[in-house]
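S.K.: One structure, pasted below without further comment.
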């Protein structure tokens, strides 16, 4: 019985598959050299210490080979990555410049619309307050004329108008830009402005680092400590700095 091969069965291997096969072959070659006896719990004499030193040197040599293979294998991919990143950045910068040329007049337009809408609401609140004052005056006149029912109705209307004026005025002064002005296109795209919090460093020496403590990772702090010690620092609160023996095999 003939079996029909699936479509794409003869596609060439992907870059990922090629890389995995290459690294597998390299690892196979390395493992032929990774034949080490178990490390002793303790060393009895100089001869044994010498053999252990040779073993460590052999391991370090293989580590260097691993590093060399890594660098050689990764180099073309890094170069390709840099090329792709440069391409992406170049186009993004070009497009951001184009976008900014459109954004500038649109921001001016939305600013103007927001100011006009805020002014309109403030004026609406003023007129509503004038209406409340007029109703209150009319209520007082009716009360003086002894028409208490109408006076009470007018007074309620005055209070309602005053409350409405307060709400409109509060909204006018507290509304965000997006609540005051929006632009809509024929293709259902919308544009509005939003308020965002931005921190701009003005005096780096005055920054309260204690407030930023939670945002420093342990790795970042350790790198800073290491740099501090390399530069000669020998005393740092919260850090134990001391000399310790470190094995050096050459």
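S.K.: Fewest Cβ neighbours within 10 Å first, please rank 77, 215 accordingly.
M.R.: Working: 77 11, 215 7.
With the fewest neighbours first, 77, 215 line up as 215, 77.
S.K.: Grab the Cα-Cα distance for residue 171 and residue 145, subtract it from 0.36 nm times how many residues apart they are, and report the gain in nm with one decimal. Each step should come with its number before you reach the end.
M.R.: Details: separation 26, 0.36 × 26 = 9.36 nm, distance 3.79 nm.
Taking residue 171 through residue 145 to full extension adds about 5.6 nm, to one decimal.
S.K.: Anyone know which of 109, 216, 36 comes out most mobile in the 10 Å Cα GNM of the chain?
M.R.: Most flexible of the set in this elastic network: 216.
S.K.: Let me check the size of the chain from its C-alpha atoms; what are the radius of gyration and Dmax in Å?
M.R.: In Å, with Rg to one decimal and Dmax whole: 38.4, 123.
S.K.: How do the peptides 200-206, 189-195 rank, highest first, by the average count of neighbouring beta carbon atoms within 10 Å per residue?
M.R.: Sorting 200-206, 189-195 by mean packing, highest first, produces 189-195, 200-206.
S.K.: How do 239, 196, 84 rank when sorted from fewest to most other Cβ atoms within 10 Å of their own Cβ? Walk me through the intermediate numbers first.
M.R.: Numbers: 239 13, 196 5, 84 10.
Result, fewest neighbours first: 196, 84, 239.
S.K.: With each run of n ≥ 4 DSSP H residues scored as -39500 (n - 2.57), what mean residue ellipticity at 222 nm is computed for the chain after dividing by its residue count and rounding to the nearest 500 deg cm²/dmol? Could you put the intermediate results ahead of the total?
M.R.: Numbers: 5 runs with 160 residues, N = 250.
Rounded to the nearest 500, the figure is -23000 deg cm²/dmol.
S.K.: Oh, and also: Just from the alpha-carbon atoms, what are the Rg and Dmax of the stretch 54-184 in angstroms?
M.R.: 35.5, 116
S.K.: Looking only at 129, 120, 213, which one moves most when the chain is put into a Gaussian network model with springs between Cα atoms under 10 Å?
M.R.: Residue with maximal mean-square fluctuation among 129, 120, 213: 213.
S.K.: So what's the gap between the Cα centers of the stretch 37-86 and the stretch 101-129, to the nearest angstrom?
M.R.: 67
S.K.: May I pose another question? Tell me the angle of helix 15-31 to the major Cα principal axis of the chain, expressed in degrees between 0 and 90 and rounded to the nearest ten.
M.R.: Long axis of 15-31 versus the principal axis of the chain: about 40 degrees.
S.K.: How do 186, 34, 164 rank when sorted from fewest to most other Cβ atoms within 10 Å of their own Cβ?
M.R.: Details: 186 5, 34 10, 164 16.
Listing 186, 34, 164 from fewest to most nearby Cβ atoms yields 186, 34, 164.
S.K.: A further question on this structure: If you line up the long axis of helix 218-230 against the longest principal axis of the chain, both from Cα atoms, how many degrees apart are they, to the nearest 10?
M.R.: 60
S.K.: Against the longest alpha carbon principal axis of the chain, how many degrees, from 0 to 90 and to the nearest 10, is the axis of helix 148-174 turned?
M.R.: 30
Only the coordinates and a few stated rules stand behind these numbers; no lab work does. Being a predicted model, the structure only gives us computed values, none of them experimental. When we count neighbours, we look across all protein chains shown, and the Cβ atoms used for this are built from the backbone with ideal geometry, even at glycine.
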